[in-house]
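Data block below; observations after.
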Amino acid sequence: MFHRNAPLTATGRLRLARCVVDDGWPLRRAAERFQVSHTTAARWADRYRRLGAAGMQDRSSRPHRQPGRTPAAIEERVVRLRREHRIGPVRLAARCNIAASTAHRILRRRHLPALAATDRATGEPVRRFERSRPGELVHIDVKKLGRIPNGGGHKVLGRAAGRANRQGGGYTYLHTALDDHSRLAYTEDLPDEKAATCAGFLQRAAAWFAACGITVERVLTDNAWAYTKNTWRDTCRDLGISPRWTRPWRPQTNGKVERFHRTLLDEWAYHRPYTSDAERQAAFPDWLDWYNYHRPHTGISGQTPASRVTNLSGQHI
C-alpha cells in the first residue's frame, strides 16, 4: 500500500527510471519532470538497472538485523509460562525479568490471545457460536436474587441498620429466555424454580416470542432438577420445541443468558439503591424495554436485539 502523499507509485517510478536508463535523460531533468528530488530519481534509476521493473515495488521497512530483540530463550520461556500458568504480561515480566510491554509484544508476536478470550479451564481460545436465525435456539436460565426489605437494605440504611431491617426478605427467581441469534430477552419474576413453574414460564415465553414473529425451535438449559423432569419434557413436546441440556459443569455453554443476567444485575438490580423490592420490580419493565429496543449490544456489533428480528413492532420507538 502506497502512502497517500507519495509522489510516485510503482508505475510512476518505472516511467522515471525508463526516462533515465532507456531514453538517456539527465537525472536532474527527470527529477524536475516527475517532481521528486535528484537523489530519489537516482535511487529508482539505479534499482531499475539492477532489478528491472520488479524493483519498482515497495520493500519492507523491517531491518535486516535487530540486535535489541529479546533473545529466543526468553521468548520461549514467556510462551511456556503463559501456557502452563495462564498469567498476564505483568506477572510474566516479573518472572522473566523483562518489561511488561516486552512480554505483551511477545504474546502478540506469537498470536496468543488475551486471557479474557480464553477458556479458564483449558487455556484454549473461546470458540463463539451464533445461530443463523431467530428462534433456532433459545437459552433459558434462572437467576436467584435476594429481595429488598421495606425501607431498604444495607445500601440505603448502612450495614448495621440494614442487618436489623430484614423483614420481608427471601428470594425472587428471575426466569429468562434469551434468543441466541438476536439476544432478544423475556424475563419473569417468579416465586420459585420448581418444575411446574419452569414449564409455565416456557409456555408464556414461547407465546411472547411468537408474538414477536419468532418460532422457538430449541431450548437450551442447564441440568437443574426442574429441567430434567417429565413436566419440562412434556411441555417442550406439546409446544413442538426440542429440549437441549448443557454438559455438566460447563455453564459457559449457556453463556449468553448467563451474561445477560450479569448485565441485568449491573444495570438494573444493583444500579442504584432501592427502598423496597416493589420499587425495584417497578423499574424492571422499562429497563428490559431499553435492553431489547434501544441498548447497543457489543456481542452483535453494536446493534440492538430488536433490530435483528425482521419487522418486530416497536423497534423504532
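The values are calculated or read from the model by the stated rules, or taken from the named source; none is laboratory data. From a predicted model like this one, the values you see are computed outputs, not experimental measurements. With ideal geometry, Cβ positions are generated from the backbone for all residues, glycine too; neighbour counts draw on all protein chains shown.
Structural remarks
- The stretch 62-79: number of residues that are within 23 Å of LEU107 (Cβ to Cβ) and part of a loop (DSSP other than H, G, I, E, B): 8
- Of all residue pairs spaced 6 or more apart or on separate chains, those with beta-carbon atoms under 8 Å, a first member in the stretch 202-230 that is of a type outside the set (A, V, I, L, M) and a second member that is loosely packed, with under 14 Cβ neighbours inside 10 Å and part of a helix (DSSP H, G or I) are ASP222/PRO251.
- The residue that is surrounded by the most Cβ atoms within 10 Å (Cβ to Cβ), counting only those in the stretch 80-92 that are in contact (Cβ under 8 Å) with a residue 24 or more places away in the chain and not in a loop (DSSP other than H, G, I, E, B), is ARG82.
- Verdict on ARG59 being at pLDDT below 90 and under 30 Å from GLY12 (Cβ atoms): yes
- Residues (at pLDDT 65 or above and of a type in the set (A, V, I, L, M, F, W, C)) located in the stretch 131-177: LEU137, VAL138, ILE140, VAL142, LEU145, ILE148, LEU174, ALA177
- Residue check for ALA282: modelled with pLDDT under 90, in a helix (DSSP H, G or I) and exposed (fewer than 14 other Cβ atoms within 10 Å of the Cβ): no
- Just so you know, in the stretch 113-141 the residues that are within 19 Å of ALA210 (Cα to Cα) and free of Cβ contacts under 8 Å to residues at least 60 places away in the same chain include one that is nearest to the chain's Cα centre (by Cα), and it is ARG131.
- Between ARG65, ARG95, ARG77, ARG110, the distinction of being free of Cβ contacts under 8 Å to residues at least 12 places away in the same chain, over 30 Å from HIS181 (Cβ atoms) and of a type outside the set (S, T, N, Q) belongs to ARG65 only.
- Residue satisfying condition, being of a type outside the set (Lys, Arg), modelled with pLDDT under 90, outside any strand (DSSP E or B) and on the phi < 0 side of the Ramachandran plot, within set THR275, THR231, THR235: THR275
- Matching entry among VAL20, VAL36 (being of a type in the set (A, V, I, L, M), in a loop (DSSP other than H, G, I, E, B) and at pLDDT 90 or above): VAL36
- Candidates ASN223, ASN254 - the one that is in contact with a Ser or Thr (Cβ under 6 Å, 6 or more places away or on another chain), modelled with pLDDT under 95 and either closer than 24 Å to PHE129 by Cβ or crowded, with 18+ Cβ neighbours inside 10 Å (or both): ASN254
- Odd one out for PHE209, checked against (1) at pLDDT below 85; (2) assigned to a helix (DSSP H, G or I): (1)
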